[in-house]
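Inspection log for the structure reproduced underneath, given as structure tokens.
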Amino acid sequence: MAATVKGKAIVWGVAGITLTAGIVSGTNGAENQSADFTRSSEKVEIANGDGETVTQVFYNLKKSLTLNIVPSHASVAATAATSADAWMPAPGTLVTVVDANGTIIDGDYNCISAKQTRSNTGAASGTVELEKYEANNVTSVTT
């Protein structure tokens, strides 16, 4: 169902988020259900002689992205099952993310974890947790 937005312009849904490496959205079908994006850092606080904080130092800035999906295929259940397997990358797998509705989450991430859930009352679903550091690229394999 296409959404009709009236009033103020907003970003609606998660359809614009695609993956082009690690898990390739065009090959491994899925219905995006949600995307949770976080920017965080480590922090040190410096106190004065009275114990009151006078300085905060933020460092090691990080982006974290959690994607929740339902694996799918237009008509073949076996292909949907193959997609479910593809949405379970090993930790450390490079995953490239592109967002058609903005650029803040775009980039190369490391897969931190992947989880698949199945039940007798619903569709299989998957959750993939991704991370990247802002100052340094730690997604490249070193030898």
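The values are calculated or read from the model by the stated rules, or taken from the named source; none is laboratory data. Nothing here was measured: the structure is a model prediction, and the numbers come from that model. Methodologically, a virtual Cβ is constructed for each residue, glycine included, from the backbone with ideal geometry; neighbour enumeration extends over all protein chains shown.
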Quiz item: Quick one: is Gly22 within 25 Å of Thr139 (Cα to Cα), touching a Cys at 6+ places or on another chain (Cβ under 7 Å) and surrounded by 13 or more Cβ atoms within 10 Å (Cβ to Cβ)?
Solution: yes
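Across the stretch 126-143, which residue is modelled with the lowest pLDDT among those that are among the small types (Gly, Ala, Ser) and more than 15 Å from the chain's Cα centre (by Cα)? Walk me through it before giving the result.
At the first step, the residues of the stretch 126-143 found to be among the small types (Gly, Ala, Ser) are 126, 135, 140.
Among the residues that remain, those that are also more than 15 Å from the chain's Cα centre (by Cα) are: 135, 140.
Working: Ala135: 90, Ser140: 78.
Among them, the one singled out is Ser140.
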Quiz item: Is it fair to say Asp108 is of a type outside the set (Phe, Trp, Tyr) and either within 14 Å of Leu19 (Cα to Cα) or in contact with a strand residue (DSSP E or B) (Cβ under 6 Å, 6 or more places away or on another chain) (or both)?
Solution: yes
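When you scan the stretch 47-58, do you find a residue that is acidic (Asp, Glu) and without any contact (Cβ under 8 Å) to a residue 24 or more places away in the chain, even just one?
The answer is yes; a qualifying residue exists.
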Practice problem: Take the residues in the stretch 125-140 that are of a type in the set (A, V, I, L, M) and part of a strand (DSSP E or B), then tell me which one is nearest to Ser40 (Cα to Cα). | Solution: Leu130
Quiz item: In the stretch 125-143, which residues are of a type outside the set (Ser, Thr, Tyr) and out of contact with any Ser or Thr (no Cβ under 6 Å at 6 or more places or on another chain)?
Solution: Gly126, Val128, Leu130, Lys132, Glu134, Ala135, Asn136, Asn137, Val138, Val141
Quiz item: Could you say whether any residue in the stretch 38-46 is outside any strand (DSSP E or B), free of Cβ contacts under 8 Å to residues at least 40 places away in the same chain and at negative phi?
Solution: no
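Has the stretch 51-70 got at least one residue that is modelled with pLDDT of 85 or more, of a type in the set (Asp, Glu) and in a strand (DSSP E or B)? Steps first, answer last, please.
Going through the stretch 51-70, the residues modelled with pLDDT of 85 or more turn out to be 51-70.
Imposing the further condition that a residue be of a type in the set (Asp, Glu) reduces the set to 52.
Add one more test, that the residue is in a strand (DSSP E or B), and what stays is none.
Scanning the stretch 51-70 turns up no residue that is modelled with pLDDT of 85 or more, of a type in the set (Asp, Glu) and in a strand (DSSP E or B).
In the stretch 44-54, how many residues are more than 30 Å from Lys132 (Cβ to Cβ), loosely packed, with under 10 Cβ neighbours inside 10 Å and touching a strand residue (DSSP E or B) at 6+ places or on another chain (Cβ under 9 Å)? Outline the logic, then answer.
In the first step, residues of the stretch 44-54 are kept if they are more than 30 Å from Lys132 (Cβ to Cβ); the result is 47-52, 54.
Filter once more, keeping what is loosely packed, with under 10 Cβ neighbours inside 10 Å: 48-52.
Right, trim to touching a strand residue (DSSP E or B) at 6+ places or on another chain (Cβ under 9 Å) and you get 48.
Looking only at that region, the number is 1.
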Exercise. Among the residues of the stretch 72-125, write down those that are within 15 Å of Glu31 (Cβ to Cβ), crowded, with 18+ Cβ neighbours inside 10 Å and modelled with pLDDT of 90 or more.
Key: Ser125
Quiz item: Considering the stretch 22-43 alone, what residues qualify as being closer than 13 Å to Glu129 by Cβ and either touching a helix residue (DSSP H, G or I) at 6+ places or on another chain (Cβ under 8 Å) or modelled with pLDDT under 80 (or both)?
Solution: Gly22, Ile23
Exercise. Kindly indicate which of Phe58, Phe37 is out of contact with any Gly (no Cβ under 9 Å at 6 or more places or on another chain) and surrounded by 14 or more Cβ atoms within 10 Å (Cβ to Cβ).
Key: Phe37
